[in-house]
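Report on the structure given below.
The values are calculated or read from the model by the stated rules, or taken from the named source; none is laboratory data. The shown structure was predicted, so the numbers you read here are calculated from the model rather than taken from an experiment. Cβ placement follows ideal geometry from the backbone for every residue including glycine, while neighbour counts extend to all protein chains displayed.
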Amino acid sequence: MTMRKSLVVLALLLVLPFSLAAMSDGPARLYQSILTGTTEKLAKEGIRLWDDRVVTADADSAPSLLDRGETNLQIVGPIDNGQLTRISEALMKNEDRNQLVRLDLSGTTGLVEIHRNAFREESKLGSIVLPEGVTSMVRDAFLYADHLLEVTLPESMGDANGNAFNETMIARMVLPASTKWYGFRFLSSKTDCIIVFADGRTSVAINGFAAPSNRTGSPAGKVSVHRIFVLPPSLSEISVVDFDSGSLVDELYSYAKKPPKFGQAATMAFPFASTIYVPSSSLKAYQKEWAAQTKAQFKPLPADFADFDAW
């Protein structure tokens, strides 16, 4: 091999990993765009994000650290609902209402449910990671936590009750395969939002998603923010489509090669969806089998959105 050819091969080897990464970075760029727009709006209101510096503490120490102004806590060890309440109360008492706080509970043990009103009206909470072991979320858990941008749900999460994340600013939520049902107004975000149904489930119910009460839109049911729903490769059935939830779907990314069947559904499941992206090999099948459910335009998944796991 000549020196020139060797240099060309070396250049290709160096560029290839970056090219492969670029092929699947669409979801990350989309989410970052939404998050950037949301944080810019908050900045105009004088709202600041949590610090990069992470402070580790047990559940008993967390309230005093919040009182001292710490904004990024990784809480470890045993925790119960009483301790969780005291952490929430410490957030409520903090005088700096313009400084958001991040709570990472992934290192805790003992929580089985997030109780009712756990962080209701907690405007200082900007991000929370819930621990494995939590199996249920009682209604109103994060109701009116109006600056909540990020939430990580555990794989153990079962049913989630109504109003859990109503009137928040969540930009993306990944719903575990174990979560089968979402109560009335489970999630209504005041910003553009990506809703991902995790892989592993064969059926999904698109219900429990609503427009915040302060929004206006036209036609009826169409809201002023952009909602993107992402369906996993494993999906074979859409069991329930509540019209109010279905009407919020602006874009849909479906990774199932065989179009999922509809069980109970509105006459038109996604009445206001503009675009539905599907595997290119399945384009004609979706156009045929979903024709009665939407007036959306069907398109092949773009190359940089081809990897479901990138969501």
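Taking the listed residues 239, 280, the one that is of a type in the set (Ser, Thr, Tyr), surrounded by fewer than 21 Cβ atoms within 10 Å (Cβ to Cβ) and modelled with pLDDT of 90 or more is 280, with no other qualifying.
Of the listed requirements (1) acidic (Asp, Glu); (2) more than 21 Å from residue 175 (Cα to Cα); (3) surrounded by fewer than 18 Cβ atoms within 10 Å (Cβ to Cβ), residue 132 misses just one: (2). In region 283-310, which residues are under 22 Å from residue 240 (Cβ atoms) and surrounded by 14 or more Cβ atoms within 10 Å (Cβ to Cβ)? Residues satisfying the conditions are 286, 289, 290, 293, 294, 296. Taken over region 115-143, the residue count meeting the criterion of being more than 11 Å from residue 153 (Cα to Cα) and of a type in the set (A, V, I, L, M) is 5. Only a single criterion out of (1) in contact with a helix residue (DSSP H, G or I) (Cβ under 6 Å, 6 or more places away or on another chain); (2) under 22 Å from residue 54 (Cα atoms) is not satisfied by residue 130, namely (1). Among the residues of region 267-311, which ones are within 17 Å of residue 257 (Cα to Cα), out of contact with any Leu (no Cβ under 6 Å at 6 or more places or on another chain), of a type in the set (A, V, I, L, M) and in contact (Cβ under 8 Å) with a residue 24 or more places away in the chain? Across region 267-311, the qualifying residues are 278, 285, 301, 303, 306.
Let's see how each residue does on (1) out of contact with any Lys or Arg (no Cβ under 9 Å at 6 or more places or on another chain); (2) surrounded by fewer than 22 Cβ atoms within 10 Å (Cβ to Cβ); (3) under 30 Å from residue 89 (Cα atoms); (4) modelled with pLDDT of 95 or more:
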position	(1), (2), (3), (4)
144	no, yes, yes, no
181	yes, yes, yes, no
196	no, yes, no, yes
225	no, yes, no, no
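Checking each residue in region 77-127 for being assigned to a helix (DSSP H, G or I) and in contact (Cβ under 8 Å) with a residue 60 or more places away in the chain picks out no residue at all. For region 176-199, taking the residues that are in a strand (DSSP E or B), farther than 16 Å from residue 237 by Cα and free of Cβ contacts under 8 Å to residues at least 60 places away in the same chain, the one that is farthest from the chain's Cα centre (by Cα) is identified as 182.
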